[in-house]
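Any read-out appearing in this document is the output of simple, stated calculations on the displayed coordinates, not a laboratory observation. Computed from a predicted structure; not experimentally measured. Glycine also receives a Cβ, built like all others from the backbone with ideal geometry; neighbour counts cover every protein chain displayed.
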Amino acid sequence: MKRLSRRSTPALGHRPPEQTAPDGRPSGTSAPLLVVDDLATEFATPGGPVLALRNAGLVLPQGRTLGVVGESGSGKSVLVRSIMRLLRSRGVRHEGSVRFDGEELLTASNARMRKIWGDRIAMVFQDPMTTLHPNHRIGFQITEALREHLPLSPDEAQDRALRLLESVAIPEPARRLRQYPHEMSGGMRQRIVIAIAIACAPDLLLADEPTTALDVTVQAQVLDLLSLHQSRRGMAMILVSHDLAVVSSRTDELAVMYSGQIVESGPTAAVLDAPLMPYTAALLRSTPTVDKAPGTRLHTIPGEPLPPERRVTGCRFASRCRYAVERCLTTEPPLAATPGGRGYRCHLPLDGTAAQEALAANLARGRTAAGLAVTETDVVRGA
Ligand SMILES: Nc1ncnc2c1ncn2[C@@H]1O[C@H](COP(=O)(O)OP(=O)(O)OP(=O)(O)O)[C@@H](O)[C@H]1O
């Protein structure tokens, strides 16, 4: 069987054990909770195989938070669903490794995964109705989830459900337990989903665009609620968002995805302060609320995202990158790591002079090696 991906070097997100996180908390001092190594996911489609995720690697210690960002279609959901083993169906192939608390999940039996789901790893999806059953009362759904994993009597489960609703700030919890999902607002439903997700005190919570479907006024409340429970319970969390502003203040580490790959990773503050990948820098310039003075112009990233199934010989971002030189078109950038444990896939990282020289040469020619127009105005504006 043909391999889906090339073997990669160190997993993105890795920090040596003796290092501390930017906030001073010790990190990586015990065995990491989650280690993803060279993970690839391929879908069989009528149009041929779609390699939606390639060379993905990450390390997540207990109690830490990882943000996963990238444009639509970059593979964020495929990454978290592959980690959670939710894409197990005919026509889906994985390669690589997902080790959770030392246990390989890619080869675990379905029975074993059912024990792990909910109990040790829980997930909050974009649409609460993916989790909630429309025809069952909220109380039944929470107590079912509790009793599946914990030895509780019906009364104990009911009491625990009530306290869970209180903990996610649902008013009149006793009344709400008797209601059906359609009797609640979207924000309230997502709080219920969070209550179900944390019911069994999982070690890892995967939140995939948990607020994208919600009214803008309740988005921050729901995100704050997630962060509160994450830190209070010491859970590790992976927070997926297309919006850098959402993850910037809520995560310790960041993984930036483009066209099915993690292209940059590292401590969130370091990545946002000084991105190494031109793609990360472009994402930042197109994000409304990260480090922007009022009135600052936002910029779109030129061109279209590269579909993950498209084969290219060089860097997958080269066609949209104003720094691109010939090498970016001919040679795939290997995964590189900085001494501080940051990872990136770029021939011309932005902390070096080579990137500035390449940009100056492209400016002089008026276009990149990939044919993207570059003008003085674009560069001054930061486009
Ligand atoms: N079931 C599937 N069959 C075939 N291809 C798929 C399937 N699911 C995902 N893909 C491919 O994987 C790509 C990445 O999808 P994914 O949902 O992970 O993107 P995303 O980054 O989460 O986007 P969004 O922010 O819009 O949710 C898709 O563009 C598509 O090409």
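Summary table
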read-out	value
222 nm mean residue ellipticity, helices alone, for the chain (DSSP H n ≥ 4; -39,500 (n - 2.57); rounded to 500)	-9000 deg cm²/dmol
The chain - share of DSSP beta bridges that are antiparallel (%, nearest 5)	60
Relative contact order for segment 32-80, counting Cα pairs under 8 Å that sit 6 or more residues apart, in percent	37
Percentage of interatomic Cα-Cα distances in segment 168-214 larger than 13 Å	61
Gaussian network model of the chain, Cα within-10 Å springs - most flexible of V216, V36, V92	V216
Convex hull volume of segment 131-283 per residue (C-alpha atoms, cubic angstrom)	126
Mean separation of Cα contacts under 8 Å (6+ apart) over length of segment 76-191, as relative contact order %	23
Dimensions (Å) - the chain, Cα atoms, principal axes, largest first	74, 53, 48
Most positive-pole-ward Cα, P307, S74, S286, against dipole of the chain from beta carbon charges	P307
Estimated FRET transfer efficiency when R0 is 56 angstrom, pair A108-E376 (beta carbons, to 0.05)	0.50
Largest-first principal axis extents, alpha carbons of segment 39-174, Å	51, 31, 30
Translational D in µm²/s for segment 228-383 (Stokes-Einstein at 20 °C, 1.002 mPa s, Kirkwood Rh from C-alpha pairs)	130
12 Å beta-carbon shell around A236, net charge (K/R +1, D/E -1)	-1
